[in-house]
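*Asks:* To start, I am sharing the structure in question, which I have written as structure tokens.
The values are calculated or read from the model by the stated rules, or taken from the named source; none is laboratory data. As the structure is a computational prediction, the values presented were derived from the model and not from experiment. Ideal geometry is used to build each Cβ from the backbone, glycine not excepted, and the neighbour counts take in all protein chains shown. Quick note on the areas: whole protein, heavy atoms, side chains included, nothing else; ligands and nucleic acids left out. Shrake-Rupley method; radii C 1.70, N 1.55, O 1.52, S 1.80 Å.
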Amino acid sequence: MSIYDTMSRETRVFAPIVPPRVGLYVCGLTPYAPAHVGHGRVFVVFDVVARALRRWGYRVFYVQNVTNLDDKLIARAAEEDEDPLALADRHFATFLRSMERLGVRAVNYYPFATDYVPEILAQVRTLVDHEFAYVAADGSVYFEIAKFPRYGRLSGQRPSALQPGARVELDPRKRAPEDFVIWKAATPGEPSWESPWGPGRPGWHVEDTAMTGRLLGGRYDLHGGGADLIFPHHEAEIALSESATGEAPMVNYWMHVAFVILQGEKMSKSIGNVFDLDAAIEAAGPGALRLFYLNAHYRSPLDFVPEKTLVEAREAYARLSLPARRIDELLARDGPDRPGDRAPEELANAAELLVEELDDLIANDFNTREAIARLFEWTRRLSDAGGFDHLSGEALETLAQPYRWANEVLGLFERSEGTRAGAWETAIPLLIRIRARARERGDFAEADRIRDELAAAGIRLEDDAGATRWSFSDRK
RNA sequence: GCCGAGGUGGCAGAAUGGUUAAUGCGACGGACUGCAGAUCCGUUUCCUGGGGGUUCGAUUCCCUCCCUCGGCUCCA
């Protein structure tokens with residue numbers, strides 16, 4: 001398989017340092033506000049990356065950090081008169097629930113920055129001792145870019161070409177504007193830890209390198225995140241880790257996910273043009289939202305049009321998953337051993353070939369979009385082939401293979417509808433039978449009344465040839 | 001200014017040095033239906049930012065210009 005690497009700007013064959021182990025580190029979020037649709041994209045993409053690697057036999061250790069203390073978090077906590085760490089915990093708990101609903105469960109470990117203060121202090125000390133970093137008068141510690149000549153290689157930036165102060169004010173404590181803080185001297189009222197340079201708290205970039213050093217070592221395989229982290233964050237990580245450990249390269253493959261675009265601009269908390277992630281899950285359903293994300297290549301910007309994108313995703317998802325749902329209905333009703341015909345040989349072979357093709361597409365830098373196109377073609381082909389009622393359990397399972405694949409790798413069908421069915425499962429069919437009798441005797445007023453009243457309760461009835469299906473309609 | 005990513009039909013978005021440029025949504029027509037919906041079938045023949053170049057052939061490779069977005073020490 002091959003992966004596009006931001007550092008070398010080319011697609012390279014993936015070769016882990018110590019196969020079959022794969023160390024994967026993804027920059028998580030700073031939980032100072034609810035997650036938005038842009039965040040969701042990154043985490044769904046890397047969920048698929050990890051699922052795919054595991055499918056191919058790699059043992060992936062996937063670490064996704066939580067920056068649970070930084071300036072924004074402190075500022076927001078002050079506004080809301082809440083402890084910053086408690087605020088972070090609260091938003092992180094919400095985030096985890098969103099991830100669970102989205103079927104994002106490939107992450108092995110979510111380390112919190114504040115749990116790694118000893119590692120952070122150790123790294124800062126090493127950097128100071130080896131004069132990669134210096135201590136300012138107030139006790140803050142800065143990494144000195146001039147000591148790391150490779151700085152800028154990931155982003156293609158040359159430090160001399162940057163515009164200091166373009167967006168952030170100059171800091172007189174720094175020797176050079178591009179130096180960055182790795183230990184911040186304490187401000188009264190903020191959380192702080194003791195250090196050899198006085199009380200303070202970690203700078204942003206060093207949190208990650210201290211954690212990766214501890215959890216993944218000085219060199220590991222894959223590092224991912226949003227494209228906005230390339231500079232300066234990931235550049236800084238490289239400088240810190242490679243200076244502190246003496247090992248290089250810190251990472252063999254850098255993966256960056258492009259933005260979700262809303263109204264022509266990157267969806268971003270600081271711009272304020274965000275669409276809440278939970279609201280999107282609610283509106284589209286988790287499978288449809290995943291479909292939306294994976295329906296574009298992860299390195300391409302993806303347009304989000306409110307009132308349009310989610311509706312489209314929902315419609316497309318419903319169509320894509322229809323044969324899978326019908327097959328599962330039959331298997332659930334009759335069990336895997338249900339009697340019936342064998343699958344037509346041609347179709348059975350096609351299913352096998354399709355799964356191979358899907359694997360190949362994903363192996364080529366995670367071409368989820370092309371894979372989804374093939375899945376739609378499969379759905380159409382099964383529709384052409386007619387119903388499933390006459391097929392055996394084994395035959396159904398054969399035809400379902402591409403959908404099983406889509407579930408395993410893309411996580412598209414994990415959350416099947418109807419999990420809340422419960423008592424409805426008996427009550428609604430009863431009403432359907434009553435309505436059918438009304439229709440038989442031509443009493444359509446009564447039949448429509450039942451359908452309307454159920455519709456008002458969020459139950460949708462649809463008459464098919466000889467049968468009536470029902471579903472929850474509250475996603476409409 | 002520098003660095004990076006992009007520009008494909010009504011919309012969202014793939015792909016490839018080569019027959020009709022995928023797939024989905026939407027739209028239109030049809031089948032089915034008491035009606036509606038869902039589903040299925042068909043249609044949507046004029047979509048690759050502009051200009052050069054390489055080539056038998058370019059949307060793809062090269063050059064250049066234009067435009068959009070992002071980064072330049074907050075960020076997924």
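*Asks:* Kindly list the number of the only condition in (1) near RNA strand B (Cβ under 6 Å from one of its atoms); (2) surrounded by 16 or more Cβ atoms within 10 Å (Cβ to Cβ); (3) assigned to a loop (DSSP other than H, G, I, E, B) that fails for A:A316.
*Replies:* Every listed condition holds for A:A316 apart from (3).
*Asks:* Looking only at segment A:371-392, which residues are out of contact with any helix residue (DSSP H, G or I) (no Cβ under 6 Å at 6 or more places or on another chain) and under 10 Å from A:I327 (Cβ atoms)?
*Replies:* A:L391
*Asks:* Being in contact with a helix residue (DSSP H, G or I) (Cβ under 6 Å, 6 or more places away or on another chain) and not in a loop (DSSP other than H, G, I, E, B) is the requirement here; does A:Y298 meet it? It would help to see each step written out before you state the result.
*Replies:* Details: in contact with a helix residue (DSSP H, G or I) (Cβ under 6 Å, 6 or more places away or on another chain): yes; not in a loop (DSSP other than H, G, I, E, B): no.
When the stated conditions are applied, A:Y298 does not pass them.
*Asks:* Right, here's the next one. Looking at segment A:326-343, which of its residues are touching a residue at least 40 places away in the same chain (Cβ under 8 Å), exposed (fewer than 14 other Cβ atoms within 10 Å of the Cβ) and not charged (D, E, K, R)? It would help to see each step written out before you state the result.
*Replies:* Of segment A:326-343, the ones touching a residue at least 40 places away in the same chain (Cβ under 8 Å) are A:326-328, A:330-331, A:334-343.
Applying the additional criterion that residues be exposed (fewer than 14 other Cβ atoms within 10 Å of the Cβ) yields A:335-337, A:339, A:341-342.
Within segment A:326-343, A:G335, A:P336, A:P339 qualify.
*Asks:* Mind checking which residues of segment A:230-250 are of a type outside the set (S, T, N, Q) and crowded, with 23+ Cβ neighbours inside 10 Å?
*Replies:* Of all residues in segment A:230-250, those of a type outside the set (S, T, N, Q) come to A:230-240, A:242, A:244, A:246-250.
Answer for segment A:230-250, where residues must be of a type outside the set (S, T, N, Q) and crowded, with 23+ Cβ neighbours inside 10 Å: A:H234, A:E235, A:A236, A:E237, A:I238, A:A239, A:L240, A:A244, A:M250.
*Asks:* Also, I was wondering about something else. Could you look through segment A:457-476, keep only residues that are under 19 Å from A:E282 (Cα atoms) and open to solvent by 50 Å² or more (accessible area, probe 1.4 Å), and pick out the one that is modelled with the highest pLDDT? First the steps, then the outcome.
*Replies:* Here is the first cut: in segment A:457-476, the residues under 19 Å from A:E282 (Cα atoms) are A:457-460, A:471-476.
Going one step further and asking which of them are open to solvent by 50 Å² or more (accessible area, probe 1.4 Å), we end up with A:457, A:460, A:474-476.
Working: A:A457: 78, A:R460: 85, A:D474: 53, A:R475: 44, A:K476: 37.
Filtering first and then ranking leaves A:R460.
*Asks:* Shifting gears a bit: Give the residues of segment A:95-152 that are crowded, with 20+ Cβ neighbours inside 10 Å, within 32 Å of the chain's Cα centre (by Cα) and not assigned by TED's automatic domain parsing to the domain that holds A:A239, sorted by residue number.
*Replies:* Selection gives A:F143, A:Y151, A:G152.
*Asks:* Could you please let me know if A:G203 is within 16 Å of RNA strand B (Cβ to nearest atom), under 27 Å from the mean Cα position of the chain (by Cα) and open to solvent by less than 50 Å² (accessible area, probe 1.4 Å)?
*Replies:* So A:G203 passes the test.
*Asks:* In the list A:A106, A:A113, A:A78, which residue meets the criterion of being over 27 Å from A:Y220 (Cβ atoms) and of a type in the set (G, A, S)?
*Replies:* Working: A:A106 fails: over 27 Å from A:Y220 (Cβ atoms); A:A113 fails: over 27 Å from A:Y220 (Cβ atoms).
None of the others qualify; the one that does is A:A78.
*Asks:* So which residues in segment A:360-384 are open to solvent by 30 Å² or more (accessible area, probe 1.4 Å) and more than 9 Å from RNA strand B (Cβ to nearest atom), if there are any at all?
*Replies:* A:D360
*Asks:* Can you name the number of the only condition in (1) under 16 Å from the mean Cα position of the chain (by Cα); (2) of a type outside the set (S, T, N, Q); (3) in the same structural domain as A:L53 (by TED's automatic domain parsing) that A:A280 fails?
*Replies:* Result: A:A280 fails condition (3) only.
*Asks:* Residue under question is A:R333, and the condition is that it be in a helix (DSSP H, G or I), under 15 Å from A:A385 (Cα atoms) and more than 24 Å from the chain's Cα centre (by Cα); does it hold?
*Replies:* Details: in a helix (DSSP H, G or I): yes; under 15 Å from A:A385 (Cα atoms): no; more than 24 Å from the chain's Cα centre (by Cα): yes.
Here the answer is no, as A:R333 does not meet what is asked.
*Asks:* Here's another thing I want to ask about it. Can you find, within segment A:8-26, the residue that is nearest to A:G287 (Cα to Cα) among those that are within 15 Å of RNA strand B (Cβ to nearest atom) and open to solvent by 10 Å² or more (accessible area, probe 1.4 Å)?
*Replies:* Our first condition is that a residue be within 15 Å of RNA strand B (Cβ to nearest atom); within segment A:8-26, this holds for A:8-12, A:24-26.
After this cut, where a residue has to be open to solvent by 10 Å² or more (accessible area, probe 1.4 Å) as well, the list is A:8-12.
On the way: A:S8: 34, A:R9: 32, A:E10: 31, A:T11: 29, A:R12: 31 Å.
In this case the residue turns out to be A:T11.
*Asks:* Let me ask another. Every residue in segment A:28-86 that is open to solvent by less than 10 Å² (accessible area, probe 1.4 Å) and away from RNA strand B (no atom under 11 Å from the Cβ), please.
*Replies:* A:D47, A:V48, A:V49, A:A50, A:A52, A:L53, A:Y62, A:V63, A:N68, A:L69, A:A77
*Asks:* Within segment A:296-303, is even one residue touching a Phe, Trp or Tyr at 6+ places or on another chain (Cβ under 7 Å), open to solvent by 30 Å² or more (accessible area, probe 1.4 Å) and touching a residue at least 24 places away in the same chain (Cβ under 8 Å)?
*Replies:* yes
*Asks:* Continuing with this model, one more query. Let me confirm something: among A:L430, A:L396, which residue is open to solvent by less than 20 Å² (accessible area, probe 1.4 Å), of a type in the set (A, V, I, L, M) and either outside the structural domain of A:D341 (by TED's automatic domain parsing) or at pLDDT 80 or above (or both)? Walk me through it before giving the result.
*Replies:* Details: A:L430 fails: open to solvent by less than 20 Å² (accessible area, probe 1.4 Å).
Sole residue among the options that is open to solvent by less than 20 Å² (accessible area, probe 1.4 Å), of a type in the set (A, V, I, L, M) and either outside the structural domain of A:D341 (by TED's automatic domain parsing) or at pLDDT 80 or above (or both): A:L396.
*Asks:* Failed condition for A:T187, given (1) away from RNA strand B (no atom under 11 Å from the Cβ); (2) of a type in the set (V, I, T); (3) open to solvent by 10 Å² or more (accessible area, probe 1.4 Å); (4) touching a residue at least 12 places away in the same chain (Cβ under 8 Å), with all others met?
*Replies:* Here A:T187 clears every test but (4).
*Asks:* Name the strands (runs of 3 or more DSSP E) wholly within segment A:208-295 that hold at least 1 residues that are more than 14 Å from RNA strand B (Cβ to nearest atom)? If you could, list the steps in order and put the result at the bottom.
*Replies:* On the way: elements: A:220-226, A:251-257, A:260-262.
Passing ranges, in order: A:220-226, A:251-257.
*Asks:* Report yes if some residue within segment A:89-96 is in a loop (DSSP other than H, G, I, E, B) and in contact (Cβ under 8 Å) with a residue 24 or more places away in the chain; otherwise report no. Steps first, please.
*Replies:* Initial filter on segment A:89-96 (in a loop (DSSP other than H, G, I, E, B)): none.
The answer is no; no qualifying residue exists.
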